[in-house]
Every structure is written in structure tokens, then in C-alpha cells.
Amino acid sequence: MHPTVERVTQRIMDRSRDERQRYLDRMARLRRNGPQREVLSCGNLAHGFAACGKRDKSALRLMNQANVAVVSAYNDMLSAHQPYRDFPEVIKQAAADMGSVAQFAGGTPAMCDGITQGQPGMDLSLFSRDVIAMSTALALSHNMFDATVLLGICDKIVPGLLIGALSYGYLPTALIPAGPMPTGLPNKEKQRVRQLYAEGKVGKEALLEAESQSYHSPGTCTFYGTANSNQLLVEVMGLHLPGSAFVQPGTELREALTHEATEQVIRLSAPNGGQKGLCDVVAEKNIVNALVALLATGGSTNHTMHWVAIARAAGILVDWDDFNDLSAVVPGLTRIYPNGQADINDFHEAGGTAFLIRELLDAGLLHEDVETVAGFGLRRYTQLPQWRDGKVLWEPAPEASLNPAVLESVQEPFTSDGGLRVVNGNLGRGVIKVSAVAPDHHVIEAPAVVLDSQSAVAEAFEAGQLERDCVVVVRFQGPKAIGMPELHKLTPYLGVLQDRGFRVALVTDGRMSGASGKVPAAIHVYPEAADGGALSKLRDGDRIRLDAREGTLDIIEPDDWAERPPTQADLAAHQNDYGRELFGWMRAKADTPEKGASFFWTAQND
């Protein structure tokens, strides 16, 4: 193992020892009670299988066959989740073929940031993760199940499903992906049209046509944002079947992999002699493997919160220093938009997760000795599934990348590090992703333009007020303020300014996520402005230095800095209407981004 990976893993184990042991003890106690149907009264059990057919009722009465819970985030508006419509029937048939049963245990909400960005619903986005976690726990609450399959793809959905399922971590659990849509309009062209629209050079019809050619069919969006980062990290953790993350929907291989995944969780279940559950796969080494994969691929900055929260649900304590230290030694092996022009289909065709995992394993950057849903050891995940003669066969990843412009070896990386840095200073603590930022933009020192909303940035841009070197500060965007929406609308404006030759950067207590691109952006900054953080004291013209090389974020302090009172923003317009009033208690209880921005553990400690 690489010494830094070893050191960070041991540090996480030491930090987590007590919390992790309490979690594992709880899972062991719950496991001893199973199969759970045995503790149900006759009335409970009759209710539990009342709608089943005769064969399934007989199997559930006998207690010696597995009952698989299906928890799904299906809806037919989200392209990524629309393919899940038919998955439950495939899963039920796969279970029946093994003499077992599958029941649709429950659904969870699934919202799309691509639809809600810049809209009121975006203020609910981050907290939807914890609503999904609670929905998953409710779905599994009937004590009817011996195994779980989770159907979900996108931003908050996979983390929410995992956090909820970890409350039932004694059950073997697999996530089943649905796959990306085919490649549409090239990302470079989409980006060009967006910037032309921001400059007023093309109209809304041209922009809508470009967006429609990009997002055009069932399947996950093909850029490497949070959704596809989810899929890659889950696979590297061993929670998918090997090589299954990016197989497109509507194919024979996709359906066969769904069938295979169901069979595998049944094999792992207690009625079939299984002894391992989700709690054994979501372990310290698997979490570190996920962080390494995130860094090696320039994945979504959202996961500096989401994977912290997932780990916490399994009793594992991760912080941003762990990301930072790993990033310093993990090479960048991919070029996928927004860190390049290729999409996730190009990555998969170049060798995909199997090639990536083999490269990182051979370099000592991933732990091989881990539990997975495919069995013990991550080496199994260096194979890709193929559809041959009516069945799934796994074949080794190609020896060399089939597209070196998209996927490279450890010996010839695109970058020497993972491109994620922690920044600290008198303005607070945050993260910055520089994998798509040119080196001469890693350090920006310029006067601040202090604004309190995305719309204010758009207005300032259109009025010509940003036509200069500047650090745009967008504050009162944190979880306690308005729920920490993603600030996607800023990307075209700031990109235009940079293309015009201005030295610009963004500093915010909000999020940028998969949209983080060529403009340096210190995000997730805390203490947030609404919590009295230093951002609330800033004024236009204050000189700010953002240094991604040294990891600093500072105001070059004016004489009156210490005496300035914090600004108090009127946030009522973001805290009411469109359901936002229902989430006030979540905002009030939200933890810091470095602790996952969840209310679960802060509420427990009150």
C-alpha cells in the first residue's frame, strides 16, 4: 500500500474506533434476531404477504427462503430514474427463479438538480438526501426482509439510500444502477452555447435546443457530475456488481446484470448461509477506496459532504484533511467533462471502472482486502461484464486504455494529484477543486464583489459591474441559511469573465458540485455567513487572496476588520413557500459541511 493511503486509513480507524464498534455491535445484535419474519405475529405476517401470490406466500411462511426488499427512487420525470420502472419485475422474477421472493418495500423521493437549479426547489435539494434516508428506513421497517436492493442514481439519492439502509446494515445490500443515456451534443458545444447565451449573443430557443440535444433520452446525464460520481464510487466500494455502473439502459446486458445482482444478494442472505451485510462492505478501507477513486477521476465536490455522511452512518469519522492528504498522492487518471470534453460513455468504452481499479490497485492506492457484494477482494472488480451467447461473462479490463485522451495509466497520469484541496484562513474553511483549473489561475488576489444571491451575480454581470479582476463572494447560501443550493447559474458568467482575460474567483458558503470547472471556486466555506462566519463581515472592495497551492483563503485585513459587525441578511424569501417552510427544523439543526451537513447527529446530541 502507498504509505499515505495506509496512514490516512489508519487515522480514520483510530478516530472512529469507539463509534464504529458501537455501530457494529448494534448490527451484530440485529443480525442475531433474523430472519426477521420469525418475530412477527401471525397477524403481522398475514398483513406482510396478503397481496402476494400463492407461491410467494408459501415461501414466506416457511422462513427458509430469502425475501428481498426493493427500495426504489423511480419516477418517470427524471431521465436517470425512468428506466427503473421495469426493474422490480425483473428482480421479482430473478428471486422466483431461486425459490425466493422480492417485494417492493417502498419508494423514496428523487429530485433533479438539473431541473431545480436556480429555482425555489433547489433550496430543498441538499436536505432531500436525509428525507430519502428516512424514507429508506421506513421502507425497511416491516421486519420482513433478508436482503435489500436499492434502485437509485443521482445526486442526493444514492447517499440517502445508503444512509437509510445502513440502519439495517446487517442485511446484505446491493445498489443496482440503470446506466447513462447515449452521448448527445458534445460537451464543448453545450458549454459554448451556454456562454453565448450568458453574453446575450444567442436567444433562449438556441439554448433550449442545445440543452435538449444534450439531455435527450432515458438514462443518467453523461457529464461527470454528482450522479456519475455516485455510480463510480459505489462500484469501487464493492456495492455494485463489477463493471456494471455505466452499462446503458434498455440493453440485454443491463437487464441481465439486474437479474445477477438480485441473485447475488440472495446468495449472501442469512437463509442461504450468508454472514455478511452492508455494514461489512461500508467499512473504513472501502470508504478510503471511494475517496481515492473520487480524487483519481476529478469527481463531484458534493462528496466532500455526502461520503462523510455515509461514513458517519456506519460509525466511520472522515474529515476534509483525509481528502486533502489523499489528493496530494492520488494521480488524476481521467478527462471527463467538466474536467475534459469526453463523457461517461467515452470513459466506459476506454476501459471504465475495471481499468481504473486495476491501475489504482497495482499502484497500491486502493485496498484489495475488502468485502464486496461480489465476494471478498477488490481484484474481482478489474473485470468488465459482456453479453455473450445469452449470458453475462466477465472479462479482464484491457491491458492499455482504449482511449488515452480520456483514461490513462498511473504511469502516465493527466495530473500528479487529485485536484482537491482544503483551504483555510481568516475567511473560514472550505474546499476547492482544481482539476479543471489552469495552473495560472490557482492563485487569485483581487478586490471582493460581495453579493447575497445567484440572481444578484447575474444582475451585476449584465450591468457590466464585474468587468474587472475580482473575487465574487456569494454568501448566505449555506445549509443553515437557505439549505445550501448548488450555484450552477454562476458558471457561465464567471467563465465568460475569465475568457475575457480577467482574473476571477468565487468564494461561497454554497455548493458548485459537478459544475465546478475552469474558474477557481472556494466552496462549502464555513462557518457560514448565517452562522456569524467571516463572510458576513466582508464588504465590496476588500482584498481577498485565494491560494489553492498553499491552501489558504484570506482577507488582506483592513484596519476595521475586527470591529465590523456581521451583516444580517433577510432570508425569508428562501425559507418559505414551495415547501421550504417544512424544512426549517432541518436548516436549524444542520451540521457543518465537513461533518456532512446533516441534522441526524446534531439532533441526537441535543
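Computed quantities for the displayed model
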quantity: Residue that is farthest from ARG543 (Cα to Cα) [pool: residues in region 470-490 that are within 20 Å of the chain's Cα centre (by Cα) and of a type outside the set (D, E, K, R)]; calculated: GLY483
quantity: Residue in region 573-585 that is over 15 Å from PRO120 (Cβ atoms) and surrounded by 15 or more Cβ atoms within 10 Å (Cβ to Cβ) present; calculated: no
quantity: In region 40-86, residue surrounded by the most Cβ atoms within 10 Å (Cβ to Cβ) [restricted to those that are closer than 15 Å to PHE104 by Cβ and of a type in the set (S, T, N, Q)]; calculated: ASN67
quantity: Some residue of region 147-162 being over 22 Å from CYS112 (Cα atoms) and at pLDDT below 90; calculated: no
quantity: Unique match (being of a type in the set (A, V, I, L, M) and crowded, with 24+ Cβ neighbours inside 10 Å) among ALA521, ALA562, ALA530; calculated: ALA521
quantity: Candidate set from region 123-163 (those that are touching a helix residue (DSSP H, G or I) at 6+ places or on another chain (Cβ under 6 Å), small (Gly, Ala, Ser) and in contact (Cβ under 8 Å) with a residue 60 or more places away in the chain); member that is surrounded by the fewest Cβ atoms within 10 Å (Cβ to Cβ); calculated: SER125
quantity: Matching residues, region 15-37, being touching a helix residue (DSSP H, G or I) at 6+ places or on another chain (Cβ under 8 Å) and farther than 13 Å from VAL318 by Cα; calculated: TYR23, LEU24, MET27, LEU30, ARG31, ASN33, GLY34, PRO35, ARG37
quantity: Residues within region 193-205 that are surrounded by 14 or more Cβ atoms within 10 Å (Cβ to Cβ) and either at pLDDT 90 or above or over 27 Å from the mean Cα position of the chain (by Cα) (or both), tallied; calculated: 6
quantity: ALA309, sole failed condition from (1) within 30 Å of GLN341 (Cα to Cα); (2) assigned to a helix (DSSP H, G or I); (3) within 12 Å of the chain's Cα centre (by Cα); calculated: (1)
quantity: Matching residues in region 166-199 - criterion: being in contact with a helix residue (DSSP H, G or I) (Cβ under 8 Å, 6 or more places away or on another chain), assigned to a loop (DSSP other than H, G, I, E, B) and not aromatic (Phe, Trp, Tyr); calculated: GLY169, LEU171, PRO172, ILE176, PRO177, ALA178, GLY179, PRO182, THR183, GLY184, LEU185, GLU199
quantity: Where ARG549 falls short, out of the listed (1) assigned to a loop (DSSP other than H, G, I, E, B); (2) on the phi > 0 side of the Ramachandran plot; calculated: (2)
quantity: Residues of region 1-14 satisfying the condition of being farther than 23 Å from LYS276 by Cα, touching a helix residue (DSSP H, G or I) at 6+ places or on another chain (Cβ under 9 Å) and part of a helix (DSSP H, G or I); calculated: THR4, VAL5, ARG7, VAL8, ARG11
quantity: Near pairs, Cβ below 8 angstrom, 6+ apart or cross-chain, from region 286-298 (without any contact (Cβ under 8 Å) to a residue 24 or more places away in the chain and surrounded by fewer than 24 Cβ atoms within 10 Å (Cβ to Cβ)) to any residue that is hydroxyl-bearing (Ser, Thr, Tyr) and assigned to a helix (DSSP H, G or I); calculated: none
quantity: Boolean, ALA354 is under 21 Å from the mean Cα position of the chain (by Cα), hydrophobic (A, V, I, L, M, F, W, C) and modelled with pLDDT of 95 or more; calculated: yes
quantity: Some residue of region 437-444 being among the aliphatic types (A, V, I, L, M) and either assigned to a loop (DSSP other than H, G, I, E, B) or in the same structural domain as VAL247 (by TED's automatic domain parsing) (or both); calculated: yes
quantity: Tally, over region 126-181, of residues that are on the phi > 0 side of the Ramachandran plot and among the hydroxyl-bearing types (Ser, Thr, Tyr); calculated: 0
quantity: Verdict on PRO479 being over 18 Å from GLN195 (Cβ atoms) and either of a type in the set (Lys, Arg) or part of a loop (DSSP other than H, G, I, E, B) (or both); calculated: yes
quantity: Checklist (1) surrounded by fewer than 22 Cβ atoms within 10 Å (Cβ to Cβ); (2) assigned by TED's automatic domain parsing to the domain that holds GLN82; (3) in a helix (DSSP H, G or I); (4) not β-branched (Val, Ile, Thr) applied to LEU208, failing item; calculated: (2)
quantity: Close pairs from region 69-98: first farther than 18 Å from GLY53 by Cβ and in the same structural domain as GLY277 (by TED's automatic domain parsing), partner modelled with pLDDT under 95 and of a type in the set (D, E, K, R), Cβ under 6 Å, at least 6 apart; calculated: GLN82/ASP76
quantity: Single residue of region 211-230 satisfying the filter (over 19 Å from GLU486 (Cα atoms) and free of Cβ contacts under 8 Å to residues at least 60 places away in the same chain) that is surrounded by the fewest Cβ atoms within 10 Å (Cβ to Cβ); calculated: SER212
quantity: Scan of region 539-566 for residues that are under 31 Å from the mean Cα position of the chain (by Cα) and closer than 26 Å to PRO492 by Cβ, ordered by number; calculated: ILE544, ARG545, LEU546, ASP547, ALA548, LEU553
quantity: Residue check, HIS524 touching a residue at least 60 places away in the same chain (Cβ under 8 Å) and in a strand (DSSP E or B); calculated: yes
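The values are calculated or read from the model by the stated rules, or taken from the named source; none is laboratory data. Since this is a predicted model, take the numbers as computed values, not measurements. With ideal geometry, Cβ positions are generated from the backbone for all residues, glycine too; neighbour counts draw on all protein chains shown.
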